[in-house]
Structures are given as structure tokens and as C-alpha cells.
Amino acid sequence: QVQLEESGGGLVQAGGSLRLSCAASGRTTFSSYAMGWFRQAPGKEREFVAGIHRNGAFTTSGDSVKGRVTISRDNAKNMVLLQMNSLKPEDTAVYYCAASTAHYRDVAAYHYWGQGTQVTVSS
């Protein structure tokens, strides 16, 4: 089982950038998990932001953030990062790191979750 802890959230002005980090721990092999980022805004359903293959060679992102986010991972450090650029007020949400033993594009299969980190984008 894997434990996940996010960091890096905060308040940023529209047009700015943030980098979120997720540290994984536990008696498991980090590189055996696909990793993803999701977000949930108040009153809205959880939304897939980005996912990355176990080996880091393949990534995908959600339509609402495509071209503005980059997901990456460092399997040696058990870390996954989410670089977000050109942030908009509608990006305001709690961002969650997630892990999956399934394919990184299978958004329904992420079943290990962190506690989340708040991102607020002011206009």
C-alpha cells in the first residue's frame, strides 16, 4: 500500500504558475504505480487533471488544463510533480495526488489518495 502527501498549493494571481509535489511512502515500489492528479472545486465533481505512466515516459492531461500543465515523476525520489502555468480563477480547487495499479489513462482506477492541497487563483 502507498501513502501520498501533497504540497505546494497556495494563492496565486491569474496568469501565474504553481508547482505541486506529491511524496509517496510505504512498503511498496513507487514505480509500480501509475500516478495522477485530480482536483475538486466546491460544489463540483472530482476532475482528472493529469496522469503519468509508471516509467514516466507517457503522460496525459484533462481537456480543461491541456497545454497548461506538465506532470512528471522521479521514481528514485518517490515523487510526482504537477507544474501548472497560465493559471485561471477556474483552476481554484483542492488538488489531489493519486496512485493506481492500473493503466495511467484509466481515471476510474485510481484508488490511493492523498489529503489534498488547496490552490486558489485570484482574478
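Descriptive notes on the structure:
- Summing +1 for each Lys or Arg and -1 for each Asp or Glu among the other residues whose beta-carbon sits under 10 angstrom from that of Cys97 gives -2.
- Across the range 56-106, C-alpha contacts under 8 Å between residues 6 or more apart give a mean separation that, scaled by the residue count, equals a relative contact order of 29 percent.
- The chain, accessible area per residue, ligands and nucleic acids excluded (1.4 Å, Å²): 51
- Annotation: extensible slack from Ser86 through Ala108 equals 5.2 nm (criterion: 0.36 nm per residue apart, minus Cα-Cα distance).
- Accessible surface of Ser86, taken over heavy atoms with a 1.4 Å probe and every protein chain present, rounds to 70 Å².
- A Cβ-based charge dipole, computed about the Cα centre of the range 36-123 with Lys and Arg at +1 and Asp and Glu at -1, lands at about 160 debye.
- Only protein atoms count toward the accessible area here, which uses a 1.4 Å probe; on the chain, the carbon and sulfur part of that area reaches 46 percent.
- Largest to smallest in accessible area, the residues Arg39, Arg73 fall in the order Arg73, Arg39 (1.4 Å probe, all protein chains included).
- Computed lengthening from Lys66 to Thr120, 0.36 nm per intervening residue step minus Cα-Cα distance: 17.6 nm
- DSSP beta bridges confined to the chain are antiparallel in about 90 percent of cases.
- Relative contact order (%) - criterion: Cα under 8 Å, at least six apart; region: the chain: 35
- Taking the chain as a Gaussian network of alpha-carbon nodes connected by springs under 10 Å, the highest mean-square fluctuation of the residues Val80, Val69, Val12 belongs to Val12.
- Solution diffusion estimate, µm²/s, Stokes-Einstein, the chain, Kirkwood Rh from C-alpha pairs, 4 °C, viscosity 1.567 mPa s: 92
- Farthest toward positive dipole pole in the chain [+1 Lys/Arg, -1 Asp/Glu at C-beta], among Asn75, Ala34, Val2: Asn75
The values are calculated or read from the model by the stated rules, or taken from the named source; none is laboratory data. All of these numbers come straight from a predicted model, not from anything done at the bench. Note: ideal-geometry Cβ built from the backbone for every residue, glycine included; neighbour counts use all protein chains shown. For accessibility, only protein heavy atoms count, side chains too; no ligands or nucleic acids. Shrake-Rupley method; radii C 1.70, N 1.55, O 1.52, S 1.80 Å.
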